[in-house]
1. Any idea which of (1) of a type in the set (A, V, I, L, M, F, W, C); (2) open to solvent by less than 60 Å² (accessible area, probe 1.4 Å); (3) in contact (Cβ under 8 Å) with a residue 24 or more places away in the chain is the one Val417 doesn't satisfy?
2. Being of a type in the set (A, V, I, L, M, F, W, C) and more than 15 Å from Arg445 (Cβ to Cβ) is the requirement here; does Val397 meet it?
3. Cβ-Cβ under 6 Å, sequence separation 6+ or interchain: first residue in the stretch 438-449 and buried (at least 22 other Cβ atoms within 10 Å of the Cβ), partner not in a loop (DSSP other than H, G, I, E, B). Which pairs?
4. Where in the stretch 193-277 are there strands (runs of 3 or more DSSP E), lying fully within it, with 2 or more residues that are free of Cβ contacts under 8 Å to residues at least 60 places away in the same chain and open to solvent by 50 Å² or more (accessible area, probe 1.4 Å)?
5. Give the residues of the stretch 314-363 that are of a type in the set (Val, Ile, Thr) and in a strand (DSSP E or B), sorted by residue number.
6. Between Ala117, Ala124, Ala167, Ala101, which is among the aliphatic types (A, V, I, L, M) and surrounded by 14 or more Cβ atoms within 10 Å (Cβ to Cβ)?
7. Can you pull out every residue in the stretch 370-393 that is under 24 Å from His467 (Cβ atoms), modelled with pLDDT of 95 or more and in contact with a Lys or Arg (Cβ under 8 Å, 6 or more places away or on another chain)?
8. Checking the conditions here, which among Leu335, Leu369 is touching a residue at least 40 places away in the same chain (Cβ under 8 Å), among the hydrophobic types (A, V, I, L, M, F, W, C), in contact with a Ser or Thr (Cβ under 7 Å, 6 or more places away or on another chain) and over 28 Å from Tyr408 (Cα atoms)?
Amino acid sequence: MISTTEVTLQYGGRALFTDVNIKFTPGNCYGLIGANGAGKSTFLKILSGEIEPNRGQVHITPGERLAVLKQNHFEFDEYGVLKTVMMGHRRLYEIMEEKDALYAKPDFSEEDGVKAAELEGEFAEMNGWQAEAEAAELLIGLGIPTALHDKTMKDLDGNQKVRVLLAQALFGNPDILLLDEPTNHLDLESINWLENFLYNYENTVIVVSHDRHFLNKVCTHIADIDFGKIQLYVGNYDFWYESSQLALKLAKDANKKKEEKMKELETFIARFSSNASKAKQATSRKKQLDKITLDDIKPSSRKYPYINFKSNREAGKDILTVNRLSKTVDGEQVLNDISFTANKGDKIALVGTNELAKTTLFQILMGELTPDSGDYSWGVTTSQAYFPKENAAYFDVDLNLIDWLRQYSDDQDETFVRGFLGRMLFSGEEALKKANVLSGGEKVRCMFSKMMLKGANVLLLDEPTNHLDLESITALNNGLIDFDGTVIFVSHDHQFVQTIANRIIEITPNGLIDKQIQYDEYLASEDMQKLREKMYA
């Protein structure tokens with residue numbers, strides 16, 4: 001078990017947490033949620049001991065082991081992949097290293113033999129003989145094939161390193177598991193594997209995630225950070241949302257009734273306070289009025305951007321035709337003779353295990369790359385707005401946000417431009433921020449402003465939910481559902497795909513699987529699974 005007593009943390013004059021008392025018990029998975037900047041990652045660092053609070057304490061049951069998803073992707077570059085995973089259980093790894101050093105001694109003594117026997121006993125108690133097999137199983141579940149297990153970490157790409165570090169955190173059945181955005185850089189299959197793993201996990205899990213489907217699948221409780229406090233709710237994310245909204249509505253309704261009662265009493269007092277026959281009643285009403293106090297309902301720190309894509313003109317029937325496209329990138333064929341037609345009103349989710357294939361297709365369709373063979377054509381009535389996976393190049397300029405967005409606007413009026421920034425929560429002085437100092441989430445919201453300005457009737461979005469908080473993801477989700485044009489998008493957010501897409505196109509090594517079907521139905525279909533196995537064989 002892990003708990004806190006009166007934990008308080010201040011940065012300068014700002015109190016991030018004040019007198020937080022909370023208990024996390026075994027057998028439960030706690031989703032830690034809150035607006036960007038509320039302190040979710042910071043609170044995990046307090047629990048892990050990486051950050052010391054100004055006041056208060058963290059208590060861990062003696063003898064229990066805590067594991068954390070590491071964020072430094074280069075920390076283990078000189079170590080082998082399997083060894084990196086097993087380093088997640090520090091004591092087990094120390095025993096393995098100590099044993100190897102003893103057995104390697106050229107002058108192995110009787111004393112060394114006694115020490116080795118002690119280590120072997122402790123090693124067996126920790127199920128050490130199964131350590132490599134467990135590490136390999138975790139890696140395979142998270143999409144790291146056996147061929148990479150003997151590589152060093154520096155030989156892996158960034159996405160693969162993240163998966164190895166996640167396997168490291170999960171390794172050895174820790175008593176307390178702290179996971180900060182564990183689904184980042186995972187494909188949908190790996191996320192599904194992790195969901196099942198955590199669903200069946202019997203110890204304590206505390207997780208920060210912006211994936212609503214993931215939180216709904218794994219969480220038994222939601223720990224909501226707001227106003228420097230943490231409120232615990234029983235149930236998953238959807239249950240938290242419904243119950244918190246209900247609690248807010250009940251509080252507002254209660255205040256409304258009190259206000260109506262106060263108005264009624266004030267009217268009576270004003271009418272009869274000077275009337276001798278009614279003076280006592282007026283005095284009684286005055287006492288009643290003095291006793292009524294309105295509940296203090298603080299506005300939440302959560303802010304929802306207003307994402308509303310409107311096309312300037314309606315597209316005709318011809319949207320997009322892709323004809324036998326092929327493309328090799330850095331010696332790897334990522335697109336192999338693919339063809340499809342996008343129809344008016346389609347909302348297509350591109351899925352598949354090869355991330356580069358999907359990004360490459362977008363880059364070809366937007367004219368950023370040239371295919372090796374094949375061609376594509378956009379309908380003459382279409383206009384496209386593109387959200388790339390990597391957007392840093394757009395913000396490498398010394399401009400404030402007003403001038404940055406002006407670059408993409410036909411109307412140069414500041415009030416007009418500010419209107420689009422305001423929808424994305426950049427109002428007042430926020431709109432004067434420099435573009436080159438924005439956070440990842442702020443850059444994403446600026447890109448949405450740019451896309452809305454264009455008024456396109458076809459939207460192409462490559463991982464648009466990366467870096468966004470739950471509120472922005474919800475706003476984008478609703479905005480794309482309401483959009484009356486055509487959408488082609490990639491996302492690892494299960495709920496996002498399920499609620500937006502009416503068509504699934506999976507890019508496989510042996511061609512496309514193209515079905516007019518919702519995502520859950522696609523995943524559940526036995527026919528689809530057999531077809532997928534065949535296409536990946």
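The values are calculated or read from the model by the stated rules, or taken from the named source; none is laboratory data. Note that the structure is a prediction, hence the values are computed from the model and not measured. Neighbour counts are summed over all protein chains in view; Cβ atoms, including those assigned to glycine, are modelled from backbone coordinates with ideal geometry. Keep in mind that these areas ignore ligands, DNA and RNA; they rest on the heavy atoms of the full protein, side chains included. Shrake-Rupley method; radii C 1.70, N 1.55, O 1.52, S 1.80 Å.
1. (3)
2. yes
3. From residues that are buried (at least 22 other Cβ atoms within 10 Å of the Cβ), the pairs are Ser449/Leu405; Ser449/Phe420; Ser449/Leu421.
4. Filter on the stretch 193-277 gives 229-234.
5. Ile319, Thr321, Val322, Thr328, Val329, Val334, Ile338, Thr341, Ile348, Val351
6. Only one candidate qualifies: Ala167.
7. If the condition is that a residue be under 24 Å from His467 (Cβ atoms), modelled with pLDDT of 95 or more and in contact with a Lys or Arg (Cβ under 8 Å, 6 or more places away or on another chain), then Ala385 is the only one that fits.
8. Leu335
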